[in-house]
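Single-structure report; data block below.
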Amino acid sequence: MLEIENLSLKYGQSQILHEITLNAPVGQVTCVTGTNGVGKTSLLKAIAGRHPFSGGRIRLNGEELQPGRAALSAKAGVGYVPQGREIFPLMTVQENLETGFACLPKSERRIPDDIFDLFPVLAEMKTRRGGDLSGGQ
Ligand SMILES: Nc1ncnc2c1ncn2[C@@H]1O[C@H](COP(=O)(O)OP(=O)(O)OP(=O)(O)O)[C@@H](O)[C@H]1O
Ligand SMILES: [Mg+2]
């Protein structure tokens, strides 16, 4: 599913990832572990297109992802759930959920019911601003 080959990533002059190679096959859960500051989030940012990589390649289902092009990576099928609460605080719960629509064809642009089955409180709070929810909510 996901093939990463010799991936390098820098912040300015500082190289953080040095030729990382890994494969995440279909039907398995792949975990990346390591001590604080070793580069796990940077690797995920490279995959999600949130930070450009400086060398190597990333392929998702055979399609090559372009460095630092988050919108294109999302369209190709990459989903990224960040550490921390990265929502749009001034938009409603419903609008926050709808931000994911951008990478879907128009016919699939509806919020799946299982979101509200898993998190019923979101159904009750659809019209509340994201920034007004509690941490857990
Ligand atoms: N925006 C940035 N600019 C400069 N250096 C950064 C930036 N973000 C992270 N770093 C540095 O890159 C290295 C890897 O950071 P990263 O966040 O990828 O680590 P991590 O493995 O996710 O750590 P943690 O387990 O603490 O979440 C660290 O040395 C960090 O200080
Ligand atoms: Mg991290």
For segment 21-86, listing GluC sites (Glu not before Pro) in a DSSP loop whose Cβ sees at most 12 other Cβ atoms within 10 Å gives Glu86
The farthest towards the positive end of the charge dipole of the chain, of the residues Gly39, Ser14, Phe88, given +1 on Cβ of Lys and Arg and -1 on Cβ of Asp and Glu, is Ser14
Classified through the alpha carbon gyration tensor (a ≥ b ≥ c as square roots of its eigenvalues; rounded if a/c is under 1.5, else prolate when a/b is larger than b/c, else oblate), segment 93-132 comes out oblate
Quick shape check on segment 2-76: root eigenvalues a ≥ b ≥ c of the Cα gyration tensor, a/c under 1.5 is rounded, otherwise prolate if a/b tops b/c, else oblate, and it reads oblate
With a 1.4 angstrom probe the carbon and sulfur portion of accessible area for the chain, in percent, totals 52
The answer for the net charge of residues other than Thr41 whose Cβ lies under 13 angstrom from its Cβ, with Lys and Arg +1 and Asp and Glu -1, is +2
Magnitude of the Cβ-charge dipole (Lys and Arg +1, Asp and Glu -1) of the chain about the Cα centre, nearest 20 debye, reported as 380
In Å², rounded to a whole number, the accessible area per residue of segment 82-137 with probe 1.4 Å is 75
The answer for segment 18-64, accessible area per residue at 1.4 Å probe in Å², is 65
Sites removed, the longest contiguous part of the chain containing no DSSP-loop trypsin sites (Lys or Arg not before Pro) with at most 10 other Cβ within 10 Å is 1-84
With Cα springs under 10 Å, the Gaussian network model of the chain assigns the largest mean-square fluctuation among Ser14, Ser54, Ser73 to Ser14
Sorted list, accessible surface of protein heavy atoms, 1.4 Å probe, largest first, for Glu124, Glu98, Glu108 is Glu124, Glu108, Glu98
Here FRET efficiency (C-beta to C-beta, Phe88 to Asn6, R₀ 35 Å, nearest 0.05) is 0.50
Over all Cα pairs of the chain, the Kirkwood radius sets Rh, and Rg/Rh then becomes 1.01
Summing -39500 (n - 2.57) over every DSSP H run of at least 4 in the chain, dividing by its residue total and rounding to the nearest 500, the 222 nm mean residue ellipticity is -6000 deg cm²/dmol
Put Ile16, Ile111, Ile4 in order of accessible area, largest first, probe 1.4 Å, and you get Ile16, Ile111, Ile4
Surrounding charge for Arg50, neighbours by C-beta under 14 angstrom, Lys/Arg +1, Asp/Glu -1, total +2
Here the net charge surrounding Thr92, from other residues whose Cβ is less than 12 Å away from its Cβ (Lys, Arg +1; Asp, Glu -1), is 0
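The values are calculated or read from the model by the stated rules, or taken from the named source; none is laboratory data. These numbers were taken from a predicted model, which means no experiment stands behind them. Here the Cβ is made from the backbone with ideal geometry for all residues, glycine too, and neighbour counts use every protein chain on show. Only protein heavy atoms, including side chains, enter the accessible area calculation; ligands, DNA and RNA are left aside. Shrake-Rupley method; radii C 1.70, N 1.55, O 1.52, S 1.80 Å.
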